[in-house]
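The next block holds one structure in the form of structure tokens; read it before the comments.
The values are calculated or read from the model by the stated rules, or taken from the named source; none is laboratory data. These figures come from a predicted structure and were not determined experimentally. Cβ coordinates were reconstructed from backbone atoms using ideal geometry, including for glycine residues, and neighbour counts include every protein chain displayed.
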Amino acid sequence: MHSLTCTPLSSSLRPNHNPLLPAALATSRPYSLSFKTRTCFTTRATLSSTRESVLYHFHQRTALKIISGLQNFNKDNVASVVTAADKGGATHVDIACDPELVKLAIGLTSCPVCVSSVNPATFPAAVEAGALMVEIGNYDSFYEKGLIFTSEKILGLTKETRRILPSVVLSVTVPHTLSLPDQIKLAESLEQEGVDIIQTEGGKCSNPTKSGVMGLIEKATPTLAAAYSISRAIKIPVMCSSGLSAVTAPMAIAAGAAGVGVGSAVNRLNDVVAMIAEVRSIANSLQTPFKISTTHEVETRRQLFNK
């Protein structure tokens, strides 16, 4: 799948050369004013190029992010998931916010590495290690402990992250525990705060009553509904995530999403070959996504048929 193949990143974006990390956080060595002046324009150009490369597939509406898990620090499993993402045709990988895991990941793939956390203070070290995108989200493990994230909490985490890392590509998940109107309202507020990507969820709250394809569609219903509604209320890309599969991933794109995020469908598998096959299946499904016809298109077809 050519359009979903990861493109190599320049050496300037490797660990210890990440232009998204503010100089004050990137090194303990003081920079002189003259050095900052000489590198100002170069840094800005690199920042722009980096952001463009990370967001490219979202703007093309072909993004596929494979998620290993916010609290998955098992190096062997993370390595398998990252390898599967790279070999299977994903465009991004999402791992726990840990510098060592980031170094491991960028040694296995040229895909932009995203780190997930609900603690903004942990992001700079991961960015310094080579992460090019940060995600406030992947709340599933917290729901299991009875922890709920309010709109106010999400906005607070977002503002703190933007204060620490004003230039890094930032994705924020809108909790499915909010009503759909409140999810839309929060997404609009996050867009105003300078968030680059809104991610939806809902797989954990869905309890399919049927098996097979019907069950897969039921499982994805909450996140598909959120993607459809939010994508029509904001201008920034929406990533549909949680409970998706090769069956429902193209439905997400048809609903208005610019990309899909897949976690358990891949990371629950024990064999890297099986993981690669699953990623490839999802990637291939995005080549010919469904299309929801607009009212105008339906009327045009009706007129042509009546002729």
TODO: Please verify whether segment 41-57 includes one or more residues that are under 20 Å from Thr161 (Cα atoms), modelled with pLDDT of 55 or more and not in a helix (DSSP H, G or I).
DONE: no
- [ ] Check off (1) touching a Pro at 6+ places or on another chain (Cβ under 8 Å); (2) in a loop (DSSP other than H, G, I, E, B) for Leu178 and give me the number that stays unchecked.
- [x] (1)
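Kindly indicate the residue of segment 78-109 that is in a loop (DSSP other than H, G, I, E, B) and of a type in the set (Val, Ile, Thr) and also nearest to Arg61 (Cα to Cα) among those meeting that condition. Explain how you work it out, then say what you get.
Just the residues of segment 78-109 that are in a loop (DSSP other than H, G, I, E, B), to begin with: 89-91, 97-98, 107-109.
Then drop every residue that is not of a type in the set (Val, Ile, Thr), which leaves 91, 109.
On the way: Thr91: 11, Thr109: 21 Å.
The qualifying residue nearest to Arg61 (Cα to Cα) is Thr91.
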- [ ] Give segment 125-137 a look and list any residue that's surrounded by fewer than 24 Cβ atoms within 10 Å (Cβ to Cβ) and either at pLDDT below 95 or touching a Leu at 6+ places or on another chain (Cβ under 7 Å) (or both), or say none.
- [x] Glu128
TODO: Could you list all residues from segment 185-195 that are surrounded by fewer than 19 Cβ atoms within 10 Å (Cβ to Cβ) and in contact (Cβ under 8 Å) with a residue 12 or more places away in the chain?
DONE: Lys185, Glu188, Ser189, Glu191, Glu193, Gly194
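Among the candidates Val247, Val262, Val238, Val266, which residue alone is of a type in the set (A, V, I, L, M, F, W, C), in contact with an Asp or Glu (Cβ under 6 Å, 6 or more places away or on another chain) and under 25 Å from Gln60 (Cβ atoms)? Let's see the steps before the verdict.
Numbers: Val247 fails: in contact with an Asp or Glu (Cβ under 6 Å, 6 or more places away or on another chain); Val262 fails: in contact with an Asp or Glu (Cβ under 6 Å, 6 or more places away or on another chain); Val238 fails: in contact with an Asp or Glu (Cβ under 6 Å, 6 or more places away or on another chain).
On inspection, the qualifying residue turns out to be Val266.
Please go through segment 229-262 and pick out each residue that is in a loop (DSSP other than H, G, I, E, B), touching a residue at least 40 places away in the same chain (Cβ under 8 Å) and crowded, with 24+ Cβ neighbours inside 10 Å.
Residues satisfying the conditions are Ser242, Gly243, Leu244, Ala257.
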Open item on the list: Checking Lys291 against (1) touching a helix residue (DSSP H, G or I) at 6+ places or on another chain (Cβ under 7 Å); (2) modelled with pLDDT under 95; (3) closer than 22 Å to Ala84 by Cα; (4) not in a helix (DSSP H, G or I), only one condition comes out false. Which one?
Closed with: (3)
Open item on the list: The conditions are (1) surrounded by fewer than 22 Cβ atoms within 10 Å (Cβ to Cβ); (2) closer than 25 Å to Gly146 by Cβ; (3) not hydrophobic (A, V, I, L, M, F, W, C), and Gly212 fails exactly one of them. Which is it?
Closed with: (2)
TODO: Output the residue which, of all residues in segment 263-279 that are surrounded by fewer than 21 Cβ atoms within 10 Å (Cβ to Cβ) and part of a loop (DSSP other than H, G, I, E, B), is modelled with the lowest pLDDT.
DONE: Asn270
Task: Hits in segment 83-121 - residues which are touching a Cys at 6+ places or on another chain (Cβ under 8 Å) and β-branched (Val, Ile, Thr) - done: Thr91, Val93, Ile95, Thr109, Val115
- [ ] Looking only at segment 192-222, count how many residues are at pLDDT 95 or above and assigned to a helix (DSSP H, G or I).
- [x] 1
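Any chance you could count how many residues in segment 138-169 are buried (at least 22 other Cβ atoms within 10 Å of the Cβ) and either of a type in the set (Val, Ile, Thr) or assigned to a strand (DSSP E or B) (or both)?
Taking segment 138-169 as the starting set, the residues that turn out to be buried (at least 22 other Cβ atoms within 10 Å of the Cβ) are 138-139, 154, 161, 168-169.
Restricting the remaining residues to those that are either of a type in the set (Val, Ile, Thr) or assigned to a strand (DSSP E or B) (or both) gives 154, 161, 168-169.
Of the residues in segment 138-169, 4 are buried (at least 22 other Cβ atoms within 10 Å of the Cβ) and either of a type in the set (Val, Ile, Thr) or assigned to a strand (DSSP E or B) (or both).
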- [ ] Read through the list (1) of a type in the set (A, V, I, L, M); (2) without any contact (Cβ under 8 Å) to a residue 60 or more places away in the chain; (3) touching a Lys or Arg at 6+ places or on another chain (Cβ under 8 Å); (4) closer than 23 Å to Val260 by Cα, then give the number of the only condition that Ala90 fails.
- [x] (2)
